[in-house]
Amino acid sequence: MKVALLQTELIWEESETNISRIGTQIENLESIPDLIVLPEMFNTGFTMNAEKNAQSMDGEAVMWMKEQSSSLNTAICGSVIIKENGHYYNRFLWVQSEKIICIYDKRHLFRMANEHHHFSAGKNRPIVEYKGWKIMPRVCYDLRFPVWSRSTEIDLQIYVANWPSPRIAAWDKLLMARAIENQCYVIGVNRIGSDGSGKDYLGHSIVIDPKGNPQTPEHKENEGWIISDLDLEPLNSFREKFPLAMDADKFHIQT
């Protein structure tokens, strides 16, 4: 499965501008991948102005994702601010063939930015099945909570983020940990540039294999695409030779 991660600057709270910029970047891809991964809140940046920036599930950003998936004949994912039934969600969307295949509402809201005062937390742990892969979507701060991402069933975890530069070392290490402990591939997509709240971002978007080894350049901080080809055969072979899941602890998550 060929994946394309977009590491880009996001213009603060300017949805139309960000969508246009990302559309141009997609047009510049040399070939169409099986999956395009965009950052957290890719059309606004990580803003707490939920009421001002929220869209419905029929809004501009969602419709654009549907159009892109249809015209490119591929899957596209990332998170946007959605208002639904009087609540605001930092919502990860997986879209393909002009259809919303999966919705994941961010579970762990970043209290240090008061995200929990502006958004409602998700409760579900959906898995996307795509081209023979089982994929778990996650958003930014979720990365710090390994129990929420623990699974012996999945082949790939995806973390979309606006992860600030002062804590970038934690981002690098935790992505590697999630890959090793779950024996799966991990994708981490983070933005670059500065946002309207004065936060700076260094990117460090990456693909990591099930042994914890980077499949793409480490500590990449410039704008652009990060491309990787993922293969299920080495993953399945590694799991057979080193059956970690057989000794995993069983537990139940209260939602």
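The values are calculated or read from the model by the stated rules, or taken from the named source; none is laboratory data. Keep in mind it's a predicted model, so treat the numbers as computed, not measured. Methodologically, a virtual Cβ is constructed for each residue, glycine included, from the backbone with ideal geometry; neighbour enumeration extends over all protein chains shown. Please note that ligands, DNA and RNA were not included when accessible areas were found on the heavy atoms of the full protein model with its side chains. Shrake-Rupley method; radii C 1.70, N 1.55, O 1.52, S 1.80 Å.
Values for this structure:
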quantity: Translational D in µm²/s for the stretch 204-255 (Stokes-Einstein at 37 °C, 0.692 mPa s, Kirkwood Rh from C-alpha pairs); calculated: 237
quantity: Binned Cα-Cα distance frequencies in the stretch 151-255 - 5 Å width, integer %; calculated: 2, 12, 21, 20, 16, 12, 9, 5, 2, 0
quantity: Relative contact order [Cα under 8 Å, 6+ residues apart], the chain, whole percent; calculated: 19
quantity: Mean-position separation - Cα centroids, the stretch 201-253 and the stretch 54-128, in angstrom; calculated: 23
quantity: Convex hull volume of the chain per residue (C-alpha atoms, cubic angstrom); calculated: 117
quantity: Two-site FRET efficiency, Lys99 against Leu29, from Cβ-Cβ distance with R₀ of 25 Å, rounded to 0.05; calculated: 0.70
quantity: Gyration tensor over alpha-carbon atoms, the stretch 11-83, equivalent ellipsoid semi-axes in Å; calculated: 22, 13, 10
quantity: Computed helical MRE - 222 nm, the chain, DSSP H runs ≥ 4 contributing -39500 (n - 2.57), nearest 500; calculated: -7000 deg cm²/dmol
quantity: Binned Cα-Cα distances of the stretch 1-145, short to long, each 5 Å bin given as a whole percent; calculated: 2, 10, 20, 24, 21, 14, 6, 2, 0
quantity: Portion, in percent, of the accessible area of the chain that falls on carbon or sulfur, probe 1.4 Å; calculated: 46
quantity: Rg/Rh ratio calculated on Cα atoms of the stretch 85-166 (Kirkwood radius); calculated: 0.98
quantity: Shape call, the stretch 56-118: gyration tensor on alpha carbons, a/c limit 1.5; calculated: prolate
quantity: Protection proxy ranking of 125-132, 87-94, 16-23 - average other beta-carbon atoms within 10 Å, highest first; calculated: 87-94, 16-23, 125-132
quantity: Förster radius 45 Å - calculated FRET efficiency between Met63 and Leu244 (Cβ-Cβ, nearest 0.05); calculated: 0.60
